[in-house]
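The values are calculated or read from the model by the stated rules, or taken from the named source; none is laboratory data. In this text, all values refer to a predicted model and were calculated from it rather than measured experimentally. Positions of Cβ are backbone-derived with ideal geometry, glycine not excepted, and every protein chain shown enters the neighbour counts.
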Number of protein chains: 2
Amino acid sequence: MSLLIVGSVAFDAIETPFGKTDKIVGGAASYIALAASNFTKDSKLVAVVGEDFPEDFVADLRDRGVSTEGLQIKKGEKSFFWSGKYHTDMNTRDTLVTELNVLGDFDPIIPESYQDCEYLMLGNLSPKVQQTVIERLHHRPKLIVMDTMNFWMEIAMDDLKQTLSMVDVLSINDEEARLLSGEYSLVKAAIKIQQMGPKFLIIKKGENGALLFHGKEVFFAPALPLEDVFDPTGAGDTFAGGFIGYIAKTGDISFENMKNAIIFGSAMASFCVEKFGTERLVNLREDEMLSRINVFRNLVKFNLASV
Amino acid sequence: MSLLIVGSVAFDAIETPFGKTDKIVGGAASYIALAASNFTKDSKLVAVVGEDFPEDFVADLRDRGVSTEGLQIKKGEKSFFWSGKYHTDMNTRDTLVTELNVLGDFDPIIPESYQDCEYLMLGNLSPKVQQTVIERLHHRPKLIVMDTMNFWMEIAMDDLKQTLSMVDVLSINDEEARLLSGEYSLVKAAIKIQQMGPKFLIIKKGENGALLFHGKEVFFAPALPLEDVFDPTGAGDTFAGGFIGYIAKTGDISFENMKNAIIFGSAMASFCVEKFGTERLVNLREDEMLSRINVFRNLVKFNLASV
């Protein structure tokens with residue numbers, strides 16, 4: 001069942017305590033599409049790049065079953081570029097460079113062949129652009145999942161709230177949940193945010209796992225304890241890609257199945273951080289993924305037979 | 001099977017964003033004994049208080065099956081007193097007052113009737129005192145669990161390492177694990193700390209749950225997402241009390257059973273933080289505890305039938 005992915009496809013330059021990269025492929029939609037391609041071979045990308053973007057990455061996406069008909073390539077222009085440096089704790093980072101380039105006036109054009117999509121994943125972008133995507137679809141998808149970040153809460157809260165009222169699932173981190181709701185307690189934050197629109201709320205806590213809220217129900221997915229987090233860039237997008245990819249594969253949007261989807265998202269994210277950029281995702285084998293799912297299962301499994 | 005509990009029994013005065021208390025009963029061993037009494041009616045306390053300590057709290061412990069023969073009451077002296085103020089995030093606090101009083105020269109005398117104990121829980125105390133307790137036991141207990149804190153790592157690392165080499169399970173928080181090992185990654189920290197002695201390591205992460213390491217194996221227990229953490233004082237001790245109480249009840253010191261014990265410890269801690277001091281623990285009913293265990297079970301349960 002068809003999955004529409006909208007988000008940035010871009011260049012990153014990353015520095016972590018483990019090393020630094022030159023310009024490498026990044027962007028929310030790149031990570032989402034790579035992660036989702038492990039679950040569905042029927043996804044469609046809407047994004048914009050400049051003439052400088054490598055054709056071989058786009059060809060690789062196509063080989064993975066991602067339609068790139070909706071990928072706009074702007075002649076004579078440059079792709080979005082972000083550069084950042086992570087601190088020792090890997091949870092905080094400084095942005096060194098942000099060049100919007102083609103993303104500055106991104107008009108998300110939806111090809112006619114994309115109109116049948118059943119699942120929509122809105123990667124982090126301006127809330128206005130995210131909203132435009134929803135409005136341009138002739139039929140509302142069965143499930144709309146949205147990612148966003150603190151930046152939009154600071155400069156475009158009204159637009160963000162408008163977009164939030166149109167989606168089913170919101171995926172943000174703990175700090176963003178607190179900023180958006182004005183509540184320190186994540187349980188209280190979850191109640192307020194669900195009142196803004198999304199009936200499902202995922203709160204990502206990095207190395208501390210993720211929570212899924214739905215009404216009064218809560219599910220907790222651990223993160224895998226890792227010896228080293230090499231580069232956290234894209235982990236949240238990879239998580240979202242694994243989540244929506246698994247939902248699209250199974251066609252089941254129940255709370256119960258979202259729990260499974262979050263475990264797959266967490267597993268995908270645990271691979272993402274093992275190498276710089278998209279490197280680990282590009283080379284991921286299915287047996288590695290399935291074996292990691294078992295690690296997650298064992299990580300939280302207990303047997304209280306003797307109560 | 002008999003459980004020996006050693007630690008402080010004391011007074012606290014606590015301020016949190018939700019209110020403040022006058023002097024109330026606190027101390028690691030108070031929380032441990034209260035929590036463990038939900039699982040075993042055969043525990044024995046070694047601690048010291050001053051003449052100012054309320055007899056009714058001691059009588060309540062006895063009613064719960066805690067022997068207080070080893071509780072020294074120092075005539076004309078005052079009990080240990082700590083006062084602190086928590087910040088909004090509840091994860092950090094300022095110590096306002098520390099009066100060692102009777103704890104300054106605490107000599108942990110083990111009554112003869114305590115010598116049969118099979119489980120030993122060393123609450124946070126000077127590592128020298130903890131070591132003395134182990135040395136004064138005629139037979140080594142089946143399992144020795146030890147709690148400690150960053151304070152001892154800063155002023156008595158050599159003593160601490162000596163004591164660590166004599167115990168089976170160490171329970172500390174994430175910050176302390178990093179300080180003790182010199183490693184930021186908790187997985188790397190766990191490897192180093194196990195080399196210091198304890199074959200099992202529990203790393204508590206507050207609202208982010210707890211990890212149990214044993215060799216290459218890892219178990220993750222979530223914390224319950226709560227609307228409000230009213231007062232975190234004693235949560236770690238309560239966790240330890242639930243953990244060792246459950247082990248003593250079941251008599252099973254396997255890694256598999258420790259997973260269950262950690263879930264019970266986490267459940268007990270989730271009650272502890274709901275009220276100031278020991279108030280919630282004192283009034284806890286068994287049906288409430290069992291129902292919370294089910295909440296923990298559901299919190300992490302997923303069913304990947306459709307993989």
Say whether the condition of being over 18 Å from B:ILE109 (Cα atoms) and free of Cβ contacts under 8 Å to residues at least 24 places away in the same chain is met by at least one residue in region B:38-52.
-> no
Identify the single condition in (1) over 20 Å from B:ASN298 (Cα atoms); (2) away from chain A (no Cβ under 14 Å); (3) aliphatic (A, V, I, L, M) that B:ILE253 does not satisfy, given that it satisfies every other one.
-> (2)
Among the numbered conditions (1) buried (at least 20 other Cβ atoms within 10 Å of the Cβ); (2) more than 9 Å from chain A (Cβ to nearest Cβ), tell me where B:ILE263 comes up short.
-> (2)
Is at least one residue of region A:81-92 over 30 Å from B:LEU179 (Cβ atoms) and part of a loop (DSSP other than H, G, I, E, B)?
-> no
Flagged pairs (Cβ under 6 angstrom, 6 or more apart or on separate chains; first in region A:109-127, within 20 Å of A:ASP147 (Cα to Cα); second of a type in the set (Lys, Arg)) are A:ILE110/A:ARG136; A:GLU118/A:LYS142
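Give the residue that is surrounded by the most Cβ atoms within 10 Å (Cβ to Cβ), with candidates limited to residues of region A:129-146 that are within 17 Å of A:GLN194 (Cα to Cα) and touching a Phe, Trp or Tyr at 6+ places or on another chain (Cβ under 9 Å).
Residues of region A:129-146 within 17 Å of A:GLN194 (Cα to Cα): A:143-146.
Narrowing further to those that are touching a Phe, Trp or Tyr at 6+ places or on another chain (Cβ under 9 Å): A:143-145.
Values: A:LEU143: 20, A:ILE144: 24, A:VAL145: 26.
For region A:129-146, the residue satisfying everything is A:VAL145.
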Please verify whether region A:181-194 includes one or more residues that are more than 13 Å from every other protein chain (Cβ to nearest Cβ), closer than 27 Å to A:ILE5 by Cβ and either in a strand (DSSP E or B) or not aliphatic (A, V, I, L, M) (or both).
-> yes
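Among the residues of region A:251-273, how many are without any contact (Cβ under 8 Å) to a residue 40 or more places away in the chain and of a type outside the set (A, V, I, L, M, F, W, C)?
Taking region A:251-273 as the starting set, the residues that turn out to be without any contact (Cβ under 8 Å) to a residue 40 or more places away in the chain are A:252, A:254, A:256-257, A:260-261, A:271.
Next, from what is left, pick out any that are of a type outside the set (A, V, I, L, M, F, W, C): A:252, A:254, A:256-257, A:260.
Within region A:251-273, residues that are without any contact (Cβ under 8 Å) to a residue 40 or more places away in the chain and of a type outside the set (A, V, I, L, M, F, W, C) number 5.
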Can you find even one residue in region A:63-70 that is among the charged types (D, E, K, R), within 16 Å of A:GLY234 (Cβ to Cβ) and in a strand (DSSP E or B)?
-> no
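Each row is one residue, and each column tells you yes or no for (1) loosely packed, with under 15 Cβ neighbours inside 10 Å; (2) under 20 Å from the mean Cα position of the chain (by Cα); (3) not in a helix (DSSP H, G or I); (4) not hydrophobic (A, V, I, L, M, F, W, C).
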position: B:SER30; (1), (2), (3), (4): no, yes, no, yes
position: B:ASN38; (1), (2), (3), (4): no, yes, yes, yes
position: B:LEU45; (1), (2), (3), (4): no, yes, yes, no
position: B:ASP60; (1), (2), (3), (4): no, yes, no, yes
position: B:LYS78; (1), (2), (3), (4): no, no, yes, yes
position: B:VAL102; (1), (2), (3), (4): no, no, no, no
position: B:ILE110; (1), (2), (3), (4): no, yes, yes, no
Looking for whichever is within 25 Å of A:GLY206 (Cβ to Cβ), at pLDDT 95 or above, in contact with a Phe, Trp or Tyr (Cβ under 8 Å, 6 or more places away or on another chain) and not aromatic (Phe, Trp, Tyr) here; the options are A:SER83, A:SER126, A:SER79. Which one fits?
-> A:SER126
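Let's see how each residue does on (1) surrounded by fewer than 23 Cβ atoms within 10 Å (Cβ to Cβ); (2) within 8 Å of chain A (Cβ to nearest Cβ); (3) free of Cβ contacts under 8 Å to residues at least 12 places away in the same chain:
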| position | (1), (2), (3) |
| --- | --- |
| B:GLY234 | no, no, no |
| B:TYR246 | no, no, no |
| B:LYS275 | yes, no, no |
| B:ASP287 | yes, no, yes |
| B:LEU299 | yes, yes, no |
Taking region A:168-177 and the residues there that are more than 10 Å from chain B (Cβ to nearest Cβ) and either more than 23 Å from A:LEU224 (Cα to Cα) or of a type outside the set (Gly, Ala, Ser) (or both), the one that is farthest from the chain's Cα centre (by Cα) would be A:GLU175
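If you take the residues of region B:193-230 that are small (Gly, Ala, Ser) and touching a residue at least 40 places away in the same chain (Cβ under 8 Å), which of them is surrounded by the most Cβ atoms within 10 Å (Cβ to Cβ)?
To start, the set of residues in region B:193-230 that are small (Gly, Ala, Ser) comprises B:197, B:206, B:209-210, B:215, B:221, B:223.
Applying the additional criterion that residues be touching a residue at least 40 places away in the same chain (Cβ under 8 Å) yields B:206, B:209-210, B:221, B:223.
Numbers: B:GLY206: 20, B:GLY209: 22, B:ALA210: 25, B:ALA221: 29, B:ALA223: 24.
Checked region B:193-230; the qualifying residue surrounded by the most Cβ atoms within 10 Å (Cβ to Cβ) is B:ALA221.
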Out of curiosity, is B:ARG280 closer than 22 Å to A:LEU212 by Cβ and in contact with a helix residue (DSSP H, G or I) (Cβ under 9 Å, 6 or more places away or on another chain)?
-> no
In region A:240-256, residues that are assigned to a helix (DSSP H, G or I) and under 16 Å from A:VAL218 (Cβ atoms) total 2
From (1) modelled with pLDDT of 95 or more; (2) in contact with a helix residue (DSSP H, G or I) (Cβ under 8 Å, 6 or more places away or on another chain), pick out the condition that doesn't hold for A:PRO111.
-> (2)
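Filter region A:170-180 down to the residues that are crowded, with 20+ Cβ neighbours inside 10 Å, part of a helix (DSSP H, G or I) and in contact with a strand residue (DSSP E or B) (Cβ under 8 Å, 6 or more places away or on another chain) and list them by number.
Filtering region A:170-180 for residues crowded, with 20+ Cβ neighbours inside 10 Å gives A:170-172, A:176-177, A:180.
Of the ones still in play, those that are also part of a helix (DSSP H, G or I) are A:176-177, A:180.
A:ALA177, A:LEU180 - these are the residues of region A:170-180 that are crowded, with 20+ Cβ neighbours inside 10 Å, part of a helix (DSSP H, G or I) and in contact with a strand residue (DSSP E or B) (Cβ under 8 Å, 6 or more places away or on another chain).
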Residue count, region A:199-226, condition more than 9 Å from every other protein chain (Cβ to nearest Cβ), more than 16 Å from the chain's Cα centre (by Cα) and modelled with pLDDT of 95 or more, comes to 3
